[in-house]
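Engineer: My questions will all concern the structure given below.
The values are calculated or read from the model by the stated rules, or taken from the named source; none is laboratory data. Since this is a predicted model, take the numbers as computed values, not measurements. Don't worry about glycine lacking a Cβ; one is built from the backbone with ideal geometry, like all the others, and counts go over all protein chains shown. In case anyone asks, the SASA skips ligands and DNA or RNA and just uses the protein heavy atoms, side chains included. Shrake-Rupley method; radii C 1.70, N 1.55, O 1.52, S 1.80 Å.
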Amino acid sequence: MLSKLINLSVKHIIRKNSRCLSMNVNAKQTINYKKSIALGCGGILGAFVSYDALFLDYENIGAALRFLRSAKIAIQMSLDYKIGLFNLKEGTEEYEHKLKEIHLKAANRLLEGCLLNGGLYIKIGQGFSAINHILPIEYTETLKKLEDKCLVRKKDEVKKLFMEDFNQTPDELFSEFDYNPIAAASLAQVFRAKTKNGDDVAVKVQYIDLQKRFRGDVNTILFLQDLIAMVHENYNFGWTLRDLKHSIEKELDFINEADNAERCARDLAAFNFIYIPKVFRELSSTRVLTAEYIDNACKISDIEGIKKMKLNLKDVDRKLFETFAYQIFCTGFTHADPHSGNIFIRKNKRGSGAELVLLDHGLYETIPEEIRYNLTRFWEAIVIRDYDMMKVYSDKLGVNDHKRFAEILLQKPLDVNKFSFSTKYTEIEVNYMKKIASERFDIIMNILREMPRNLLFIVRNLNIVRAIAREHGDLLNRPKIMARFAISSLLSSSSNYWEYFKRKLFFEYRLWKIFMEFWFMRNYLKLLEFLNRAPENMNEILDMDFDQKR
């Protein structure tokens with residue numbers, strides 16, 4: 001009996017030990033299996049990093065880091081709005097105040113992300129800063145800081161790019177080449193050089209990896225904004241990015257920019273106050289643009305520099321308005337990025353006064369003749385305050401709300417002061433535009449989506465030119481000058497000179513009639529004021545400043 005118990009105990013112990021041994025073996029096998037997977041993954045990752053570093057210059061790793069950084073910022077911005085506006089009623093003063101705070105916070109996050117990611121992110125950020133007719137001011141003002149930002153070049157990057165594009169270094173291609181850039185932007189830097197024929201040139205050299213990064217970076221941004229649109233019902237800016245994508249794609253091709261510059265020079269040949277620097281085709285490629293170096297000039301925003309050359313700001317602004325009015329209404333081939341860094345002023349060598357030098361022709365928009373004609377008639381109707389005519393041509397352009405459409409083009413209210421087209425704002429007009437921006441933002445967005453896509457860049461052109469004129473003090477009436485030019489442009493598209501003459505005469509008559517109505521009203525109110533019979537809102541009425549400047 002005892003022996004049986006001992007045998008059973010021994011067998012039990014053996015079975016128990018066997019199970020323990022088996023468990024230990026399985027545990028060791030599991031550990032070894034995990035180690036093998038970890039080592040395998042580590043090996044694959046190491047091989048990927050090595051390959052990316054040796055052959056692709058960290059292209060994929062950089063893209064992954066930019067994606068993760070962008071995703072983090074998108075999530076943070078989304079939470080800013082969700083948490084910050086939680087339980088706040090839309091339209092209340094508290095809601096509007098908090099929304100502005102969140103806009104500013106989110107804009108600073110976006111600014112930081114653009115600066116860290118560089119390249120196309122900076123370019124897209126600059127694009128957003130220019131669409132102040134769409135985005136909240138907190139975004140546009142914050143992102144303006146990107147205008148002077150650019151990527152840092154890697155050592156010998158310029159030489160490497162020249163070897164890839166020309167199979168020669170800059171020192172071999174030019175007689176002189178200064179590697180210290182004289183200007184920089186989000187897509188390229190500009191260097192001064194001298195050709196072997198002795199011509200002084202400016203050489204615009206694109207950052208070497210931008211074209212490789214383009215598709216991945218843009219798709220990352222589009223993917224993230226689509227996610228934001230799913231989470232936030234009121235987010236509706238995605239279409240603006242898709243429009244910017246196409247324009248940036250064209251800007252990356254410097255051969256396209258050379259074509260644009262030469263066409264612009266042909267289109268504006270009749271103007272002796274416009275100069276387009278000559279392009280050296282044999283020294284240019286898709287990533288390098290060599291053009292004539294411009295000296296003895298200053299930016300159009302440099303008011304002191306213009307005055308030092310003893311040039312008249314009114315003359316500068318008149319020529320600026322006429323140039324882009326001619327492009328918009330006559331040629332239909334319009335510079336879509338005429339900011340102050342792309343327009344230089346110098347003394348006119350072929351005539352009197354100022355000469356405008358137009359630079360950076362990477363972004364142009366072509367307006368079909370039918371759209372151009374309808375826009376011309378719509379602009380004419382705006383200035384003579386013919387609302388029925390405005391409605392007709394607004395409908396032809398595919399926009400239902402003709403009044404808001406006119407205000408977008410003018411960046412000025414129509415209904416507040418029907419007697420004035422002055423580009424200067426009265427206090428009443430400022431308050432009205434703020435009210436429209438906050439209460440009817442969806443309407444504005446719908447109008448921008450309704451209009452033909454190429455008109456968006458016309459709006460951009462008008463906004464940038466308006467900003468330049470405002471810096472100069474709004475010395476001239478831009479809408480009136482452009483309208484007169486638009487009417488004159490109809491002569492080239494009409495063989496009926498009598499019809500053109502009647503339209504021109506009627507246009508000038510309407511301007512005179514509106515002015516006289518205002519003149520009588522103003523003097524009548526002043527007479528009432530003298531007789532102590534003035535209405536209570538006298539100051540508001542007199543604040544309507546009809547501008548007779550030409």
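Engineer: Consider just the alpha-carbon atoms of the stretch 88-221 and return their Rg together with their Dmax, both in angstrom.
Structural biologist: 19.9, 69
Engineer: Could you tell me what % of all Cα pairs in the stretch 271-410 have separations over 19 Å?
Structural biologist: 61
Engineer: Still on this model: Would you please classify the overall shape of the stretch 310-349 from the alpha carbon gyration tensor, given that a ≥ b ≥ c denote the square roots of the eigenvalues, rounded means a/c under 1.5, and beyond that prolate means a/b larger than b/c while oblate covers the rest?
Structural biologist: Judged from the Cα gyration tensor, the stretch 310-349 comes out prolate (a/c at least 1.5, a/b above b/c).
Engineer: How big is the accessible area of residue 392 in square angstrom, nearest 10, if you roll a 1.4 angstrom probe over the protein chains?
Structural biologist: Roughly 70 Å² of residue 392 is accessible to a 1.4 Å probe.
Engineer: While we're here: Can you give the FRET efficiency to the nearest 0.05 for residue 453 and residue 531, using r as the Cβ-Cβ distance and R₀ = 60 Å?
Structural biologist: After rounding to 0.05, the efficiency reads 0.60.
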